[in-house]
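Report on the following structure.
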Amino acid sequence: MTSDTSRFAFARSNFPKGFRFGAATAAYQIEGSSFGGAGPCHWDTFAQTPGNTAGAEDGSVACDHYHRWEEDLDLVRDAGLDAYRFSMSWARVLPEGRGQPNREGLDYYDRLVDGILERGLEPWATLYHWDMPAALSDLGGWRNRDVADWFAEYTQIIMGRVGDRLKGTATLNEPWCVAWLSHFLGHHAPGLRDIRAAARAMHHVLLAHGRSMEVMRAMGLENLGIVLNFEHARPADESDGAALAAARYDGIYNRWFIEALLHRRYPEIVLEGLAPHLPAGWEDDMDLIGRPLDWLGVNYYTCNRVAPDPDQPWPALTSVPGPLPKTDMDWEIAPDGLAFFLKRLSALSDGNLPIYVTENGMADSAPEDDQTRIAYLDSHFAAARAAIDDGVDLRGYFVWSLLDNYEWAFGYDKRFGIVHVDFDTQKRTPKASWHALRAALREPAPAE
Ligand code: GCO
């Protein structure tokens, strides 16, 4: 007998027919970068630099998914899910980033995609979830305009192998993290804190998206999109200064990428700071960047309280703690922010762009009963449902994440999985949220 608190309030039948429920993962966080002939990526070297990651942990073994993928795909199927979102590692496919492909790596993704299909699941792939090959990082990585051509070459090779069987493909995951978090804030590889590097990365990441889309369109591939992350920017207080700081934060985080993609422009409030550092002639790239998308992926986790920091150069802002309950990441739980973005994005695209929540979930290391995660997910499912009622064309929802995994600079302590992983033995144990999901997806809606 399960108690009420171990169940979701929603059931599959509360969502429109055909709505896809899935779970998401990323290559570097689960596969084990030391296996199968993969080349080093910038996360391997970032983690080898003292102080960059908790306990100097890296993804060299991670969840050993490279060897255990069949068992892991069984867990997706047995949870009653419809779809599996995963990413492919550029350095596994091309150990030097370009040139000679790694046959073992290509074979691996071939088997994985077939394995997903054999289990009756839809494969949703992401081409880049942060694992820049170290050889290309040496050449400047995202700072170098040539990255767009390197990424196009990689796209051609991997999609030539598996593209015919994918249900949906995203070029990139979270360009804000690729560019800003990694080149301005320095928290992620390559760990730079440099506005010129950041401005270049902010533009080149979109240029690479555009080139990759162009390649895939030419190959006749369908259902192509991109995954962006959004964080609800809330002024820390009622002051004009806080309102301006929040507007800047919103511009950098939540408007820069989507406005370029949908409207071929960058927001003025961000150009005020970045324009002097953008590569010359960037305006000429906006046409390629803004070619039509088939769908948009939305990753949403939290909100941010933004305050001015007038002693600092642009954007002269800082974040302060907010009052809401927090996850193990210290992220406030704010499901209304998800509804806000779904409606905002729907309006921005005139309702013409199918949207998927491609990531949502929380880090929680607490007890097996997993109540907090169930409540977190339930409140976000409810926000998604409300957005659908308001007319948003939301087609699916992927929980982050299938497995506890390598949470980047935080190492292995932050547990986002609906399946627990013992990193000493690699044993997988479904958590209560996994069981609750399975019940919600199999059963009709509970009676009111
Ligand atoms: C993300 C990331 C994941 C993180 C998750 C939790 O796309 O932000 O895709 O890699 O693990 O967001 O921080």
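The values are calculated or read from the model by the stated rules, or taken from the named source; none is laboratory data. No experiment lies behind these values; they were computed from the predicted model shown. Note that each Cβ is placed from the backbone with ideal geometry, even for glycine, and that neighbours are counted across all protein chains shown. Calculation scope for accessible area: heavy atoms of the full protein, side chains included, ligands and nucleic acids excluded. Shrake-Rupley method; radii C 1.70, N 1.55, O 1.52, S 1.80 Å.
Side notes on the structure shown:
- Accessible surface of the range 12-442 [probe 1.4 Å, protein heavy atoms]: carbon and sulfur percent: 48
- Lysine pair number, Cα distance threshold 26 Å (strictly under), the chain, separation 8 or more or different chains: 8
- The chain, relative contact order in percent, only Cα pairs under 8 angstrom and at least six apart counted: 20
- Span from the the range 79-156 Cα centroid across to the the range 383-448 one, whole angstrom: 23
- Residues within the reach of a label modelled at Arg103 (point 7 angstrom out along Cα to beta-carbon, backbone nitrogen below 19 Å), restricted to the range 56-76: there are none.
- Summary value for the range 87-190: 34 percent relative contact order, contacts being C-alpha pairs under 8 angstrom separated by 6+ residues.
- Cα gyration tensor shape for the range 216-292, rounded if a/c is under 1.5, else prolate or oblate: oblate
- Whether the range 268-352 is rounded, prolate or oblate, judged on the alpha carbon gyration tensor where a/c under 1.5 counts as rounded: oblate
- Length added when fully stretched, Ser319-Arg196, from 0.36 nm per residue minus Cα-Cα: 42.0 nm
- In the context of the full protein assembly, Asp114 retains an accessible surface of approximately 60 Å², using a probe radius of 1.4 Å and ignoring ligands and nucleic acids.
- Using the average count of surrounding beta-carbon atoms within 10 Å as a protection proxy, the listed peptides 6-15, 376-385 rank, highest first, as 376-385, 6-15.
- Förster radius 25 Å - calculated FRET efficiency between Arg77 and Asp390, Cβ distance, rounded to 0.05: 0.20
- Ordering 152-162, 244-254 by mean Cβ neighbour count within 10 Å, with the highest value first, yields 244-254, 152-162.
- Per residue solvent-accessible surface (Å²) - the range 12-442, probe of 1.4 Å: 36
- FRET efficiency for Lys326 and Asn223, using Cβ-Cβ distance with R0 set to 30 Å, rounded to 0.05: 0.25
- Label-to-label distance, Ser34 versus Leu185, with points set 7 angstrom from Cα along the beta-carbon direction: 3.0 nm.
- Dimensions (Å) - the range 12-442, Cα atoms, principal axes, largest first: 51, 49, 45
- Length added when fully stretched, Ala11-His263, from 0.36 nm per residue minus Cα-Cα: 87.1 nm
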